[in-house]
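**Student:** Here's a structure for you.
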Amino acid sequence: MTRLANAFPADRAALVCFVTAGDPDAASTPAILDALVEGGADVIELGMPFTDPMADGPAIQAANLRSLAAGTKTADILQIATGFRSRHPDVPLVLMGYANPMTRRGPEWFADAAAAAGVDGVICVDIPVEEDASLGPALRAKGIAPIRLATPTTDAARLPAVLDGAGGFLYYVSVAGITGKQQAVQASIEEAVARLKASTDLPIAVGFGVRTPEQAAAIARVADGVVVGSAIVDIVAQHGANSSGPVRDYIRSLSSAIATARQTTNA
Amino acid sequence: MTNAAPQPNSYRNQPDAQGHFGQFGGRYVAETLMPLVLDLEKHYRAAQADPAFQAQFDDLLEHYVGRPSPLYYAERLTEELRKDAPAGKGAQIWFKRDELNHTGAHKINNCIGQILLAMRMGKTRIIAETGAGQHGVATATVCARFGLPCVIYMGATDVARQQPNVFRMKLLGAEVIPVTSGAATLKDAMNEGLRDWVANVHDTFYIIGTAAGPHPYPELVRDFQSVIGKEARAQMLSRINRLPDLLVAAIGGGSNALGLFHPFLDDDVKMLGVEAAGYGLDGNEHAASLLGGFPGILHGNKTYLLQDEDGQITEGHSISAGLDYPGIGPEHAWLKDMGRVEYTAITDDEALDGFQLLCRTEGIIPALEPAHAIAAVAKIARDMDRDQIILANLCGRGDKDIFTVAEKLGVEM
Ligand SMILES: Cc1ncc(COP(=O)(O)O)c(C=O)c1O
């Protein structure tokens, strides 16, 4: 968990990058993860493919299906994580996905396996705080941060419950909707981040619909982290096993925009 | 023998305050939907306590849906099955005729309840998923009746095999969106419904078609469908002054079965839920989540699912589009584990036999879903005594299925 705590520097926003494990196949993922790090990613979200990604838009749905069609198993994903941890001892790695693949062999099994693979945090899209008992206690017992989501529909009355037992960072989903769609208007993001910051010391990372360096920089001015997913998945969809170069270049464009984002406004 | 309020150890007082039926059920949804699901529960509790809501529901069921549906003694079917039963055997077979409802299935009972709830909540747009198209038709019907725009998600495979219902929905003014992801059947339609809902939470009400999904859906769908069992219980008592020995119903997500079973759960009445065995339970080509699946989490609830060892959902198969779903309502998962209800499965071929048997003996063309229940009844009746009574839910009529059946029987239309 210290890796996650160190990933959010005080002077600039962190870049949080999502890719689906095993897309286009499990053998290609390690090089894509390396490209994310080389391009300047501060936190890696490794998506666990699921047959029924209900909260995802067309881009990540297709990535899930490509991965499963290539035969990606839970064991492959854990192996990808283990390899990443040995190559990048300091870069935080978060598993993101849905409840059923995570809990199939029991929450303790999953928490043990994730901890052994060097995973720092877990985002489970369809386990809200009301169902935390299904996974949260097992993760916390192994020192893995259960990363919670807050959304435009999470009101002030509900927020304390969402934060109770949360770890790592708070992921603010800026749009009520599925991944890969429109980005929220900047003013609403600023207002939401201010509201969240008043309630927690956890870093606030903002995502959903972030594509361009300009969008990333705008969020970086107000939030502790910027999450990018579908845009990276689109590059992998296009370049398949040869995605490392284009992914690295794209991430670099985001990380350099984020690096100077706050100076631009303060100047 | 009136149906008293549930006692503390009753089978009728589930779920708990968190929407759990034992280890099953719950609210496994994305955070965006969670406040909505809580709001729905709040409004449902208020509606339950409001006599005007119940009165409006009852009035629409009587004058629009055509309830109560008849309770019917199937004399010729009973005699037919007695022909090769041992001496003294061959139970009496009765049907609850929910296929006579407006729109031809039990689905409308639930849709009336949910659209009244949607309007109470001030929602102005309705979405739903559908498999066989019966729930889609029922939803489109109530939307036309109340003047609300309606979007129906339907797997592209089901669109192809249920053309008459697709056309019905369009006539009723609904927009039907074919879903091409996955196997393009009911599960994928439900994913798409949830995606629409999460993006349109401010004005949209999702009318879920079976007793599944996040709490409070399994509970409220069951409650709205319980009109089936409440009527049947009262009708049995007034007609022959006794309760049946066995209830039988087909199970897709489980709503018609729960609707029949729930009011009888604390009575000395046996119950049998009939899943779809497709090409047989020994392979993977079936839709029997209770008999062939494992507990897991999908579509907002924990329940038995068809899945592999990594928790990936596997595609079921049934000749009946309405049973072709890899999950099941969480209350059934609980009733199975409690041992209160027994579950069996019927293959495509057996269901086709049951379908034709009812056509020939009773002059009733059943939907392929209850044809599974009929096939199960045909197997069991001969082992029960002649004075015993089986009550099966005839939850849908077969007009929608005649093309599928014709194809299976090698008839060109
Ligand atoms: C006539 C009929 N019966 C049964 C079902 C299965 O649903 P459930 O198990 O919720 O009753 C359907 C679903 O479309 C149906 O149309």
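**Student:** Kindly indicate which of B:Glu79, B:Glu62 is closer than 16 Å to B:Ile112 by Cα, in a helix (DSSP H, G or I) and away from chain A (no Cβ under 14 Å).
**Tutor:** Residue meeting the stated conditions: B:Glu62.
**Student:** Return the only residue of B:Ala87, B:Ala47, B:Ala91 being in the same structural domain as B:Leu368 (by TED's automatic domain parsing), more than 19 Å from B:Leu194 (Cα to Cα), touching a helix residue (DSSP H, G or I) at 6+ places or on another chain (Cβ under 9 Å) and away from the ligand (no atom under 14 Å from the Cβ).
**Tutor:** B:Ala91
**Student:** Please enumerate the residues belonging to region A:5-22 that are touching a Leu at 6+ places or on another chain (Cβ under 9 Å) and open to solvent by less than 10 Å² (accessible area, probe 1.4 Å).
**Tutor:** A:Leu15, A:Cys17, A:Val19, A:Thr20, A:Ala21, A:Gly22
**Student:** Within region A:46-60, is there a residue that is within 14 Å of chain B (Cβ to nearest Cβ), out of contact with any Asp or Glu (no Cβ under 7 Å at 6 or more places or on another chain) and open to solvent by 30 Å² or more (accessible area, probe 1.4 Å)?
**Tutor:** yes
**Student:** Could you list, ordered by first residue, the pairs with Cβ atoms under 7 Å in which the first is in region B:364-378 and away from chain A (no Cβ under 14 Å) and open to solvent by less than 10 Å² (accessible area, probe 1.4 Å) and the second is of a type in the set (Asp, Glu) and within 13 Å of the ligand (Cβ to nearest atom), at least 6 apart or interchain?
**Tutor:** These pairs meet every condition: B:Pro366/B:Glu99; B:Ala367/B:Glu99; B:Ala367/B:Asp401; B:Leu368/B:Asp401.
**Student:** While we're on this one: From (1) open to solvent by less than 10 Å² (accessible area, probe 1.4 Å); (2) out of contact with any strand residue (DSSP E or B) (no Cβ under 6 Å at 6 or more places or on another chain); (3) of a type outside the set (Val, Ile, Thr); (4) over 29 Å from B:Asp353 (Cβ atoms), pick out the condition that doesn't hold for B:Ala128.
**Tutor:** (2)
Residue-by-condition table, conditions (1) in contact with a strand residue (DSSP E or B) (Cβ under 6 Å, 6 or more places away or on another chain); (2) within 13 Å of the ligand (Cβ to nearest atom); (3) outside the structural domain of B:Leu247 (by TED's automatic domain parsing); (4) free of Cβ contacts under 8 Å to residues at least 40 places away in the same chain:
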site	(1), (2), (3), (4)
B:Ala74	yes, no, no, no
B:Glu80	no, no, no, no
B:Lys83	no, no, no, yes
B:Lys96	yes, yes, no, no
B:Gly113	no, no, yes, no
B:Met119	no, no, yes, yes
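**Student:** Within region A:226-241, is there a residue that is farther than 21 Å from A:Gly39 by Cβ, open to solvent by 10 Å² or more (accessible area, probe 1.4 Å) and within 16 Å of the chain's Cα centre (by Cα)?
**Tutor:** no
**Student:** Go through region B:293-319 and report how many residues are more than 16 Å from the ligand (Cβ to nearest atom) and not in a loop (DSSP other than H, G, I, E, B).
**Tutor:** Counting residues in region B:293-319 that are more than 16 Å from the ligand (Cβ to nearest atom) and not in a loop (DSSP other than H, G, I, E, B) gives 7.
**Student:** Shifting gears a bit: Name the residues in region B:121-135 that are near the ligand (Cβ under 9 Å from one of its atoms) and modelled with pLDDT of 95 or more, would you?
**Tutor:** Hits for region B:121-135 are B:Thr130, B:His135.
**Student:** Out of the residues in region A:152-165 that are out of contact with any helix residue (DSSP H, G or I) (no Cβ under 8 Å at 6 or more places or on another chain) and over 11 Å from A:Leu196 (Cβ atoms), which is nearest to the other protein chains (Cβ to nearest Cβ)?
**Tutor:** A:Ala157
**Student:** For region B:299-317, how many residues are more than 9 Å from chain A (Cβ to nearest Cβ), closer than 16 Å to B:Gly182 by Cα and touching a helix residue (DSSP H, G or I) at 6+ places or on another chain (Cβ under 7 Å)? I'd like the intermediate steps shown before the answer.
**Tutor:** Applying the first criterion (more than 9 Å from chain A (Cβ to nearest Cβ)) to region B:299-317 yields B:301, B:303-304, B:306, B:316-317.
Right, trim to closer than 16 Å to B:Gly182 by Cα and you get B:306, B:316-317.
Subset that is touching a helix residue (DSSP H, G or I) at 6+ places or on another chain (Cβ under 7 Å): B:306.
Matching residues across region B:299-317 total 1.
**Student:** Please go through region A:107-127 and give me each residue that is open to solvent by 10 Å² or more (accessible area, probe 1.4 Å) and facing chain B (nearest Cβ under 10 Å), ordered by number.
**Tutor:** Within region A:107-127, A:Cys124, A:Val125, A:Ile127 qualify.
**Student:** Considering only residues of region B:205-235 that are crowded, with 24+ Cβ neighbours inside 10 Å and small (Gly, Ala, Ser), which is farthest from the ligand (Cβ to nearest atom)?
**Tutor:** B:Ala232
**Student:** When you go through (1) open to solvent by 10 Å² or more (accessible area, probe 1.4 Å); (2) under 13 Å from B:Asp324 (Cα atoms); (3) among the hydroxyl-bearing types (Ser, Thr, Tyr) one by one for B:Tyr304, which number turns out not to apply?
**Tutor:** Answer for B:Tyr304: the failing condition is (2).
**Student:** Going by the conditions given, is A:Glu130 in contact with a strand residue (DSSP E or B) (Cβ under 6 Å, 6 or more places away or on another chain), of a type in the set (D, E, K, R) and more than 20 Å from A:Pro53 (Cβ to Cβ)?
**Tutor:** yes
**Student:** Name every residue in region B:265-279 that is of a type outside the set (Val, Ile, Thr) and either touching a strand residue (DSSP E or B) at 6+ places or on another chain (Cβ under 6 Å) or within 16 Å of the ligand (Cβ to nearest atom) (or both), in order of residue number.
**Tutor:** Here is the first cut: in region B:265-279, the residues of a type outside the set (Val, Ile, Thr) are B:265-268, B:270-273, B:275-279.
Those that are of a type outside the set (Val, Ile, Thr) and either touching a strand residue (DSSP E or B) at 6+ places or on another chain (Cβ under 6 Å) or within 16 Å of the ligand (Cβ to nearest atom) (or both): B:Lys270, B:Met271, B:Leu272, B:Gly273, B:Glu275, B:Ala276, B:Ala277, B:Gly278.
**Student:** Only one of B:Val151, B:Val137 is free of Cβ contacts under 8 Å to residues at least 60 places away in the same chain and open to solvent by less than 10 Å² (accessible area, probe 1.4 Å); which? Walk me through it before giving the result.
**Tutor:** Values: B:Val151 fails: open to solvent by less than 10 Å² (accessible area, probe 1.4 Å).
Checking each option against the conditions leaves just B:Val137.
**Student:** Going by the structure shown, is A:Leu95 away from every other protein chain (no Cβ under 13 Å), in a strand (DSSP E or B), touching a strand residue (DSSP E or B) at 6+ places or on another chain (Cβ under 9 Å) and crowded, with 18+ Cβ neighbours inside 10 Å?
**Tutor:** yes
**Student:** Going through region B:57-79 one residue at a time, which ones are in contact with a helix residue (DSSP H, G or I) (Cβ under 6 Å, 6 or more places away or on another chain) and open to solvent by 70 Å² or more (accessible area, probe 1.4 Å)?
**Tutor:** B:Pro68, B:Arg76
**Student:** Separate question: Give B:Gly354, B:Gly329, B:Gly322 a once-over and let me know the one that is within 14 Å of the ligand (Cβ to nearest atom), in contact (Cβ under 8 Å) with a residue 24 or more places away in the chain and open to solvent by 20 Å² or more (accessible area, probe 1.4 Å).
**Tutor:** Exactly one of B:Gly354, B:Gly329, B:Gly322 is within 14 Å of the ligand (Cβ to nearest atom), in contact (Cβ under 8 Å) with a residue 24 or more places away in the chain and open to solvent by 20 Å² or more (accessible area, probe 1.4 Å), namely B:Gly322.
**Student:** Provide a single number: the residues in region B:172-194 that are within 17 Å of A:Leu65 (Cα to Cα), crowded, with 23+ Cβ neighbours inside 10 Å and touching a helix residue (DSSP H, G or I) at 6+ places or on another chain (Cβ under 6 Å).
**Tutor:** 2
**Student:** Now, a different point. Specify the residue that is modelled with the lowest pLDDT; the eligible residues are those in region B:154-171 that are open to solvent by less than 10 Å² (accessible area, probe 1.4 Å) and more than 14 Å from chain A (Cβ to nearest Cβ).
**Tutor:** Selected residue: B:Gln162.
**Student:** While we're on this one: With the checklist (1) part of a loop (DSSP other than H, G, I, E, B); (2) closer than 30 Å to B:Asp387 by Cβ; (3) among the aliphatic types (A, V, I, L, M) in hand, flag the one item B:Ile93 doesn't pass.
**Tutor:** (1)
The values are calculated or read from the model by the stated rules, or taken from the named source; none is laboratory data. A quick note: this is a predicted structure, and the numbers were derived from the prediction, not measured. As a convention, Cβ positions derive from the backbone with ideal geometry for all residues, glycine included, and neighbour counts pool all protein chains shown. With ligands, DNA and RNA removed, areas are computed over all heavy atoms of the protein, side chains included. Shrake-Rupley method; radii C 1.70, N 1.55, O 1.52, S 1.80 Å.
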